[in-house]
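Note sheet for the following structure.
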Amino acid sequence: MQLGINLGYWGAGMDADNLAVAKEADRLGYAVCWAAEAYGSDAATVLSWVAAQTERIDIGSAIFQIPARQPAMTAMTAATLDSLSGGRFRLGLGVSGPQVSEGWYGVKFDKPLARTREYVEIVRKAMTRERLSYEGEHWTLPLPGGPGKPIKLTVHPQREHIPLYVAAIGPKNLEQTGEIADGALLIFPAAEHLEETAIRHLRAGREKAGKTMEGFDIVPTLPLAVGEDSQVGALADMFRPYTALYVGGMGSRKQNFYNQLARRMGYEKEAAEIQDKYLAGDKEGAAAAVPQQLIDSTTLLGSVDRIADRMRAYAAAGVTTLTLAPAGFTLDERLASLRAGTEALERAGLA
């Protein structure tokens, strides 16, 4: 099992710190550095900056939002980043959510599975450097009856095949991801529930495509906080607002994929209470309603030995790249968490 680092969203005065974290992850031998985007910093610019100042670590989008870019533009960006980084780019895609898709990009959030499938097909075809033509429900290239003609990508990616990942949560999306992608980006993954909530659906998609799980990259992101085992409760409290935001406030009441995931993990009553309070404006109450066990099972908390035990559980569940989001109020704390991650992996016997 390899380790990755997720820088999250850029900005908020943490630019220099994030670059230092990326450089340290590169030095420590982390496999990949991911950057996110929502409606602030864009991931492509961040990744180009990180790639220019690192040497070995892969760079990955987690995620490029599908409603934000036409698929051919994403192919151009992927090819450019792969070329500039010397073949270190991983393309992660996702549909975002209804509030961002419709409120920020003005793109109707409908038929996300079909849109994702067509998008991936177009991106893959464009990156082969064939002349691009496509007929689908959501995209037709070139547009019929106009001056457009099939053209091809002029940038040569460093590699013939750039790894393509999809951020997936729901069972249908997970199955499709197994079918069409090279890897899956997961969030709020509990090792104990991973087979039931994710991997069995990914496996079904791989089988549908006539493939096995061999070579398929399963990439969950877990917040990390290091301390004494006696401090696990206090460490968990650090992530209450984060968990409440996703379970309670991300998306709409009817379309909150994270809330639905918490319910599938057995927290149906708690997930409903968190959402009710969050949407009513009681963010503190929503955070207080998050069960400690939900946080503990979806993060890495405590001593290096405790974290190593959790890493073994994730590896046994089928995780191939464990991405860490190290917590810390200072840069020194975040860097110490990064080093603890590599130490834990070694103690777990997984390095």
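A short reminder: the numbers here are calculations on the coordinates, not readings from a lab. None of the values given here were measured: they were computed from a predicted structure. A quick note on method: Cβ atoms are made from the backbone with ideal geometry, for glycine too, and the neighbour counts reach across all protein chains shown.
Between rounded, prolate and oblate, where does the stretch 240-298 land on the alpha carbon gyration tensor, with a ≥ b ≥ c its root eigenvalues, rounded for a/c under 1.5, else prolate if a/b exceeds b/c? The shape class here is oblate.
In sequence order, the stretch 278-285 has phi-based couplings of 5, 6, 7, x, 8, 5, 5, x Hz under the Karplus curve 6.51 cos²θ - 1.76 cosθ + 1.60, θ = phi - 60°, and Gly or Pro positions carry x. Each of the peptides 231-239, 245-253, 43-51 was scored by the mean count of other Cβ atoms within 10 Å over its residues; in descending order, highest first, they stand as 43-51, 245-253, 231-239. Counting charges near L3 (Lys, Arg +1; Asp, Glu -1) among other residues having Cβ under 15 Å from its Cβ returns a value of +2. Excluding the site residues themselves, the longest part of the chain lacking any GluC sites (Glu not before Pro) in a DSSP loop with at most 15 other Cβ atoms within 10 Å is 229-351. Phi angles of the stretch 55-62 translate, via the Karplus equation with coefficients 6.51, -1.76, 1.60 and θ = phi - 60°, into HN-Hα couplings of 10, 10, 5, 5, 10, x, 8, 9 Hz per residue; Gly and Pro are given as x.
Bridgeable lysines around K111 (alpha carbons under 24 Å apart, same-chain partners fewer than 8 residues away excluded): K125, K172, K208, K254. In order along the stretch 87-99, the phi-based Karplus estimate (6.51 cos²θ - 1.76 cosθ + 1.60, θ = phi - 60°) of 3J(HN,Hα) comes to x, 10, 9, 10, 9, x, 10, x, 7, 6, x, x, 5 Hz; Gly and Pro are listed as x. Counting only DSSP H runs of at least 4 residues, each contributing -39500 (n - 2.57), and dividing by the residue count of the chain, the helix-based mean residue ellipticity at 222 nm comes to -13000 deg cm²/dmol. Of the chymotrypsin sites (Phe, Trp or Tyr not before Pro) found in the stretch 131-187, those that fall in a DSSP loop while having at most 16 other beta-carbon atoms within 10 Å are W139. Extent of the chain along its three principal axes (Cα atoms, max minus min coordinate, largest first): 67, 44, 43 Å. Taking the longest Cα principal axis of the chain as reference, the axis of helix 331-347 is set at about 90 degrees.
Qualifying trypsin sites (Lys or Arg not before Pro) in the stretch 60-123, where qualification requires a DSSP coil assignment and no more than 11 other C-beta atoms within 10 Å, comprise K108. Remark on I5: its backbone amide H falls under 5 Å from those of V32, C33, W34, L324, a criterion applied only to residues 5 or more positions apart or on other chains, H modelled at 1.01 Å from N.
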